[in-house]
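The block underneath contains the structure these notes are about, expressed in structure tokens.
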Amino acid sequence: MKTIIEPFKIKSVEPIRFTTEAEREEVLREGFYNLFLVRAENVLIDLLTDSGTAAMSADQWAGMMRGDESYAGARSFYRFEAAVRDLTGMKHIIPVHQGRAAERILFSLVGGKGKVVPSNSHFDTTRANIEFSGAEGIDLLTPEGEDPDLIADFKGNMNVAALEECIQARGAKNIPLVMITITNNSGGGQPVSMENIRKTRAVCDRYGIPLFLDACRFAENAWFIKKREPGYAAKPVREIVKEMFSYAHGATMSAKKDAIVNMGGFLALRDDALAQGARNLLIITEGFPTYGGLAGRDLEAIAQGLEEVLDEHYLQYRVRSVEYLGERLVAAGVPILQPPGGHAIYLNAKKFLPHIPVNQYPGQSLVVDLFRRGGIRSVEIGSVMFGTYDAARRLIPARMELVRLAIPRRVYTQSHIDYVIEVVIESYRHRNELSGYRIVEEAPLLRHFTAKFAPLVE
Ligand SMILES: Cc1ncc(COP(=O)(O)O)c(C=O)c1O
């Protein structure tokens with residue numbers, strides 16, 4: 001059959017609340033036109049993030065009841081450890097409460113002033129933890145990944161030639177590790193090929209530098225490899241995952257993505273001395289090494305989720321539903337970052353609203369319109385998030401003005417996605433009526449979370 005269906009039936013439902021456009025206008029005004037400041041109960045379809053927003057399965061909920069809450073040596077830890085070790089092949093499996101905790105521990109140990117950490121693209125918490133340690137994070141994305149309109153299979157790849165130049169310029173002794181983010185979230189959820197991971201590892205080996213994976217969306221990445229990379233079509237996703245990890249010396253993971261849970265993460269390492277240091281830090285800030293900031297029930301749910309995410313019916317449905325959203329928008333002429341990523345569609349706000357200059361935040365205008373028009377919550381990934389100021393307080397804009405529609409795992413059905421398509425297309429039809437915003441209040445760091453906006457045209 002050609003129709004790809006949701007590979008589950010629904011046992012427990014959470015009602016969503018319908019609001020009128022007038023009510024949403026009021027919600028927007030009260031939230032200063034920042035969707036982070038809006039109560040979730042006022043949102044109809046929440047596409048703010050795919051992180052920690054998944055629906056757990058009946059087996060995961062059953063695992064919650066099986067959770068062993070012993071302080072040390074809990075049964076649930078050993079199940080979690082076995083599941084992660086099976087996939088990563090790594091000796092040391094260290095649980096943490098979420099991805100950034102693994103990053104903080106890792107870069108507290110290997111970062112520091114004068115150190116440089118290259119990546120295909122660092123996620124913002126990874127970069128923040130690298131910089132907090134005094135080190136520098138560098139993005140070395142393949143040139144294909146820089147062009148939002150280019151359709152290519154692996155736009156998340158590392159620029160391997162640039163990596164080698166970077167190592168020669170900065171000195172191998174100053175580079176504690178090289179990181180590859182799979183899939184590349186900051187680069188539009190684009191995958192990284194096995195060949196690229198292999199080539200990156202070969203460069204690392206030439207200079208004696210360890211390779212780490214930021215593995216949040218490892219299963220989605222493996223699915224893209226299976227579908228797009230020659231030689232992998234017949235290989236089970238589990239084997240592809242194992243091969244990806246086989247090239248890495250370590251990995252950080254936010255289980256809130258491809259472990260399909262609401263909280264959790266891990267740091268996986270091969271090196272004994274590094275693992276010893278990590279466990280020492282873990283005990284100070286996260287917890288004892290057999291729970292690391294999580295309850296036993298969380299560890300059970302992660303172990304189960306890591307099994308379920310490798311179900312190829314699930315992955316087919318997951319990637320196809322995002323692709324379907326992208327295809328339908330493109331067919332209506334809506335500009336998106338191409339091709340659709342694994343977990344999200346990114347609307348190209350600069351092309352969507354060419355009449356709104358970047359210093360009037362076209363992405364924010366679109367985010368507000370999608371909420372006002374249809375109760376959809378999305379997130380601006382442009383000059384609100386990444387813009388800075390020059391000495392005269394003129395905006396230095398971001399490279400792109402995007403609006404991300406991130407799809408939570410197993411939460412929405414095709415009719416929800418059809419509704420989203422309708423709202424975006426309606427917004428596009430009325431695009432000339434949209435106008436810009438100004439920031440009336442902002443924090444010095446990570447301003448997008450708390451900034452207050454006002455419309456330039458009331
Ligand atoms: C690629 C990537 N790395 C790291 C993180 C951080 O994970 P967490 O939010 O669990 O701290 C995220 C979260 O969105 C991510 O997408």
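The values are calculated or read from the model by the stated rules, or taken from the named source; none is laboratory data. None of these values were measured; they are calculated from a predicted model. For neighbour counting, all protein chains shown are included, and Cβ atoms are generated from backbone atoms with ideal geometry for every residue, glycine included. These accessible areas exclude ligands, DNA and RNA; they are computed on the full protein's heavy atoms, side chains included. Shrake-Rupley method; radii C 1.70, N 1.55, O 1.52, S 1.80 Å.
Below is a table of values for the structure above.
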| item | result |
| --- | --- |
| Residues within the stretch 109-135 that are part of a loop (DSSP other than H, G, I, E, B) and near the ligand (Cβ under 10 Å from one of its atoms), tallied | 3 |
| Selected residue (criterion: farthest from the chain's Cα centre (by Cα)) from residues of the stretch 337-354 that are part of a helix (DSSP H, G or I) and surrounded by 24 or more Cβ atoms within 10 Å (Cβ to Cβ) | Phe352 |
| Criterion: of a type outside the set (D, E, K, R) and at pLDDT below 95 - qualifying residue of Met1, Met65, Met56 | Met1 |
| Residue that is most open to solvent (accessible area, probe 1.4 Å) [pool: residues in the stretch 152-196 that are part of a helix (DSSP H, G or I) and among the charged types (D, E, K, R)] | Lys173 |
| Selection count, the stretch 285-300, where residues are open to solvent by less than 10 Å² (accessible area, probe 1.4 Å), among the small types (Gly, Ala, Ser) and in contact with a Gly (Cβ under 8 Å, 6 or more places away or on another chain) | 2 |
| Selected residue (only one of Gly134, Gly112, Gly99, Gly156 is in contact with a Pro (Cβ under 8 Å, 6 or more places away or on another chain) and either of a type in the set (Ser, Thr, Tyr) or under 24 Å from Leu267 (Cα atoms) (or both)) | Gly156 |
| Residue check, Ala391 surrounded by fewer than 18 Cβ atoms within 10 Å (Cβ to Cβ), over 29 Å from Lys226 (Cα atoms) and at pLDDT below 95 | yes |
| Which listed residue is open to solvent by less than 70 Å² (accessible area, probe 1.4 Å), without any contact (Cβ under 8 Å) to a residue 12 or more places away in the chain and over 30 Å from Ala58 (Cβ atoms), from Glu401, Glu442 | Glu442 |
| Residue within the stretch 141-148 that is of a type in the set (A, V, I, L, M), open to solvent by less than 10 Å² (accessible area, probe 1.4 Å) and on the phi < 0 side of the Ramachandran plot present | no |
| Top-ranked residue in the stretch 261-275 [being of a type in the set (A, V, I, L, M), over 11 Å from Ser51 (Cβ atoms) and open to solvent by less than 30 Å² (accessible area, probe 1.4 Å); ranked as nearest to the ligand (Cβ to nearest atom)] | Leu267 |
| Residues of the stretch 204-234 that turn out to be surrounded by 16 or more Cβ atoms within 10 Å (Cβ to Cβ) and either within 21 Å of the chain's Cα centre (by Cα) or free of Cβ contacts under 8 Å to residues at least 12 places away in the same chain (or both), as a count | 16 |
| Residues that are open to solvent by 40 Å² or more (accessible area, probe 1.4 Å), away from the ligand (no atom under 16 Å from the Cβ) and in a loop (DSSP other than H, G, I, E, B), drawn from the stretch 26-80 | Phe32, Arg39, Glu69, Ser70, Tyr71, Ala72 |
| In the stretch 355-367, the residues that are of a type outside the set (Gly, Ala, Ser) and buried (at least 24 other Cβ atoms within 10 Å of the Cβ) | Tyr361, Pro362, Gln364, Leu366, Val367 |
| Selection count where residues are aliphatic (A, V, I, L, M) and within 16 Å of the ligand (Cβ to nearest atom), scope the stretch 81-108 | 7 |
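Residues checked against (1) in a loop (DSSP other than H, G, I, E, B); (2) within 19 Å of Leu47 (Cβ to Cβ); (3) small (Gly, Ala, Ser); (4) modelled with pLDDT of 95 or more:
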{"residue": "Ile356", "(1), (2), (3), (4)": "yes, no, no, yes"}
{"residue": "Met385", "(1), (2), (3), (4)": "no, yes, no, no"}
{"residue": "Leu405", "(1), (2), (3), (4)": "no, yes, no, yes"}
{"residue": "Val411", "(1), (2), (3), (4)": "yes, yes, no, yes"}
{"residue": "Val420", "(1), (2), (3), (4)": "no, yes, no, yes"}
{"residue": "Ser427", "(1), (2), (3), (4)": "no, yes, yes, yes"}
{"residue": "Phe453", "(1), (2), (3), (4)": "no, no, no, yes"}
{"residue": "Glu458", "(1), (2), (3), (4)": "yes, no, no, no"}
